[in-house]
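Below you'll find the structure, written out as structure tokens, and then a few comments.
The values are calculated or read from the model by the stated rules, or taken from the named source; none is laboratory data. All figures in this text were calculated on a predicted structure; none of them were measured in a lab. Note that each Cβ is placed from the backbone with ideal geometry, even for glycine, and that neighbours are counted across all protein chains shown. Heads up: the accessible areas ignore ligands, DNA and RNA and are worked out on the full protein's heavy atoms, side chains in. Shrake-Rupley method; radii C 1.70, N 1.55, O 1.52, S 1.80 Å.
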Amino acid sequence: MRKKESLQPGDLLAEYQAEDSHSKRLGRYSSCKHRALIVAEILAKEPSYVKYYRKLKSCGDWLLYRNFYRLDLRRLIGGIHCDQHLLCPLCAIRRAARFMRSYSEKLNFVLSENKNLRPYLITLTVKNGFDLTERFLHLQKSLRKMISRRRKRLNTGRGTKTVLMYVKGAVWTYEVTYSEKGWHPHVHM
């Protein structure tokens with residue numbers, strides 16, 4: 001057990017050590033809280049971003065769970081959240097989980113109606129670079145070009161073949177990571 005003086009704001013979430021997926025989730029939330037505090041400190045340096053800083057700094061300070069002990073299930077039902085998914089990693093994963101649940105329901109319905117369809121995960125990437133805007137625009141332009149080629153080939157029968165010709169429907173999201181090699185934008189479909 002750590003001394004109280006050495007605790008950081010995000011560490012309180014990591015103190016819980018049950019042997020289930022809930023402890024992994026809390027560890028993930030703790031990591032997100034830590035990253036949110038780093039972003040908050042960056043925002044604190046600019047006076048025009050004070051309201052974003054305040055919301056982000058308090059995000060995830062407390063979380064309220066309901067324990068369904070008969071089902072061995074814990075569910076997050078409330079807490080302090082900033083709802084700034086573009087800045088806050090904790091709010092970003094909560095938003096992603098909501099979208100994933102919604103998309104899963106729709107996908108399951110479509111698959112139950114069309115037994116011959118199979119879901120696939122496609123990840124499209126570009127080389128890393130230190131200019132995020134240039135890298136993201138390059139990725140976006142390339143994706144649009146692939147979709148345009150697909151549309152042209154399916155509608156006219158002419159044009160360049162693309163693997164997307166065989167796709168019946170899609171959902172995609174952009175993700176951006178950073179490492180010592182620079183920014184790495186990519187698309188998950």
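Quick notes
- Values of log10 I(q)/I(0), in the order q = 0.18 Å⁻¹, for region 80-184 under a Debye, Cα-only, solvent-free model: -1.12
- Helix 21-44 and the longest principal axis of the C-alpha atoms of the chain enclose an angle of approximately 90°.
- Correct option for Rg and Dmax of the Cα atoms in Å [calculated from the coordinates] among (1) 18.3, 57; (2) 15.8, 46; (3) 21.1, 69: (3)
- For the set 115/168; 145/168; 33/127; 106/152; 24/106, the pairs lying more than 21 angstrom apart at their alpha carbons are 33/127; 106/152; 24/106.
- The heavy atoms of residue 176 offer some 70 square angstrom of accessible surface to a 1.4 angstrom probe.
- Within the shell defined by Cβ-Cβ distances under 12 Å, the residues around residue 55 carry a net charge of +1, with Lys and Arg each +1 and Asp and Glu each -1.
- The C-alpha atoms of the chain define a longest principal axis, and helix 132-156 lies at about 40 degrees to it.
- Pairwise centroid distance, computed over Cα atoms, of region 163-189 with region 102-123, Å: 19
- Cut-off 10 Å between beta-carbons: net charge of the residues surrounding residue 138, Lys and Arg +1, Asp and Glu -1: +1
- Near residue 65, the amide H atoms lying under 5 Å from its own belong to 77; only residues 5 or more places off or on other chains count, and H is placed 1.01 Å from N.
- When you restrict to C-alpha pairs under 8 Å that are six or more residues apart and normalise by the size of region 63-184, the relative contact order lands at 16 percent.
- Loop-located trypsin sites (Lys or Arg not before Pro) in region 97-134 whose Cβ has at most 12 other Cβ within 10 Å (DSSP): 115, 127
- Between the amide H of residue 74 and those of 68, distances stay under 5 Å, these residues lying 5 or more places away or on another chain, with hydrogens modeled in the peptide plane.
- Under the Karplus curve 6.51 cos²θ - 1.76 cosθ + 1.60, θ = phi - 60°, whole-Hz ³J(HN,Hα) for region 53-61, x wherever Gly or Pro sits: 4, 4, 5, 5, 5, 8, 4, x, 4
- Cysteines, the chain, no other Cys beta-carbon under 4.7 Å: 32
- The mean accessible area for residues of region 45-187, using a 1.4 Å probe and ignoring ligands and nucleic acids, is 78 Å² per residue.
- A simple rule links phi to the HN-Hα coupling: the Karplus curve 6.51 cos²θ - 1.76 cosθ + 1.60 with θ = phi - 60°, which for region 108-114 gives 4, 5, 4, 5, 6, 7, 10 Hz, with x for Gly and Pro.
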